[in-house]
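See structure below.
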Amino acid sequence: MPVYVYSIVSRSHPQNLDGLHGVGDPPSELRTVVGEKLSAVVSDAPEGLRPKRRDLAAHQAVQERLMADGTALPLQFGFTADDEDAVRTVLEERAEEFAERLQTLEGCVEYHLKAAQSEEAMLREILTESDQARRMNEEVRSGRGGPDLPLALGELVAKEVETRKDRLNAAVAEALGGIAREETGYKAAGDDFLSVSFLVDRDQEARLRAAVQKIADELGEDFDLRLRGPLPVYSFV
Amino acid sequence: MSVVPQGGGAVATGGGQATGNLYDVVELLLDRGLVIDVFVRVSLVGLEILKVDARIVVASVDTYLRFAEACNRLDLESGRKAPSKLTDVVGEVTEGGARGKTKGALSGVAESVADALKASTQETEERHKEPASKRERPVRHRKD
């Protein structure tokens, strides 16, 4: 019977899964596969599992509970093993590696920060601050200027957008870099210009929050910062 | 401007947080986390379509013209409040990300998986043919 694997913890972790359920509909029941030094939290793997909201949430809820009670290595969503024996084999074969990682991550949580500025606000800022861009924009609007002018304006604006994005990224990285143990970038999507995860010691959480708040205050109301955490350490396992 | 810290310092112990802030962190679950290569991964075809990047600035004529047009339509005199005639421009610009509509909630992510499936590109399907362990992982900067 294939099993869905959620997380790997040390055998001494409480592994309290009361009130939680696994992926699938109807929800699967959670249990543990216990090895010599490590345990894996698993459930039966539902047939035809798709990444539905309830399944992502179930996966996440298991990680959050395990994180609350100790250190855990959260698996990426969607991994299944042929059976419990296959899980046990992995727990034994890679025991040293997993134990080492668990030790390194002890007392750490992940925070994820996304920052956005609406494109309109950014363009408005560029036109306000760049005399050249404003002049070209006015020329294009008035109908004067050649057919190449919109292209030149667009190129100038694109360059300004990139410059601003880089500047903001550098400022944020500098403000938070000293607080985090590690950081790892994600590809920013939509209006976001920043998407980054930080590995922080639990005793640094307040400092991180305060630093993000300070950045937010400095950036002003055109910006939207979303700090998520504490999260399972997905990005640092 | 708003900062939206979740959890308020308390570690969430249940599903409340799990469902509350999943949208912004869904790529953490899907792209990171421990990968065990002897295990099999369920198919996630179509999911990437939800994270389409509408903001990537590439040096292309299309991007330049789009920016120029957006600038032309901006009314600098009107101040910060966006005039209603701008709505269509902004909508056009951000629709690929689907983020604005689903911000802060997961609604849309899982529900639209089926829709995303239909719209999934050849490229997306190609990516999924690769084993998970070989998928490209972004560069990690380790602090000493």
Relative to the longest principal axis of the C-alpha atoms of chain A, give the angle of the C-alpha long axis of helix A:95-104, reported between 0 and 90° and rounded to the nearest 10°. 50 degrees
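Check each of the trypsin sites (Lys or Arg not before Pro) in segment A:144-188 and keep only those in coil by DSSP with at most 11 other C-beta atoms within 10 angstrom; list them in order.
Listed in order of number, the matching sites are A:Arg144.
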Spin-label pair A:Glu92/B:Leu76, simplified geometry with 7 Å Cα→Cβ offset, distance in nm: 7.3 nm
Derived scalar couplings ³J(HN,Hα) [segment A:223-228; Karplus, 6.51 cos²θ - 1.76 cosθ + 1.60; whole Hz; x for Gly, Pro]: 9, 10, 9, 10, 9, 10
How long is chain A along each principal axis, judged by its Cα atoms, biggest number first, in Å? 76, 41, 31
Under the rule of at least 5 residues apart or a separate chain, name every residue whose amide H is placed under 5 Å from the amide H of A:Ala45. A:Val3, A:Tyr4
I'd like the distance separating the alpha-carbon centroids of segment A:88-129 and segment A:48-85, in whole Å. 17 Å
For the pairs A:Lys165/A:Lys214; A:Lys37/A:Lys187; A:Lys114/A:Lys214, note any where the Cα-Cα span goes beyond 26 Å. A:Lys37/A:Lys187
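Report the FRET efficiency, 1/(1 + (r/R0)^6), for B:Val35 and A:Val34, where r is their Cβ-Cβ distance and R0 is 30 Å, rounded to 0.05.
Numbers: r = 22 Å, r/R0 = 0.74.
Rounded to the nearest 0.05, the efficiency is 0.85.
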Once the Cα atoms of helix A:205-219 and of chain A are each reduced to a long axis, what angle between those two axes, in degrees from 0 to 90 to the nearest 10, is obtained? 20 degrees
Suppose we keep just the alpha-carbon trace of segment A:1-136; what are its Rg and Dmax in angstrom? 21.5, 72
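If you take the beta carbon distance between A:Thr163 and B:Asp62 as r and set R0 to 22 Å, what does 1/(1 + (r/R0)^6) give as a FRET efficiency, to the nearest 0.05? Don't skip to the answer; put the middle values down first.
On the way: r = 20 Å, r/R0 = 0.92.
Efficiency, from the Cβ-Cβ distance: 0.65.
Between A:Thr104 and A:Asp222, what FRET efficiency follows from the Cβ-Cβ distance if R0 is 45 Å, with the result rounded to 0.05? Mind showing how you got there, number by number?
Values: r = 39 Å, r/R0 = 0.87.
After rounding, the FRET efficiency stands at 0.70.
Just so you know, all these numbers are worked out from the coordinates, no wet-lab data involved. The structure presented is a predicted model; accordingly, all values stated were derived computationally and were not measured. Neighbour counts run over all protein chains shown; Cβ positions are idealised from the backbone, glycine included.
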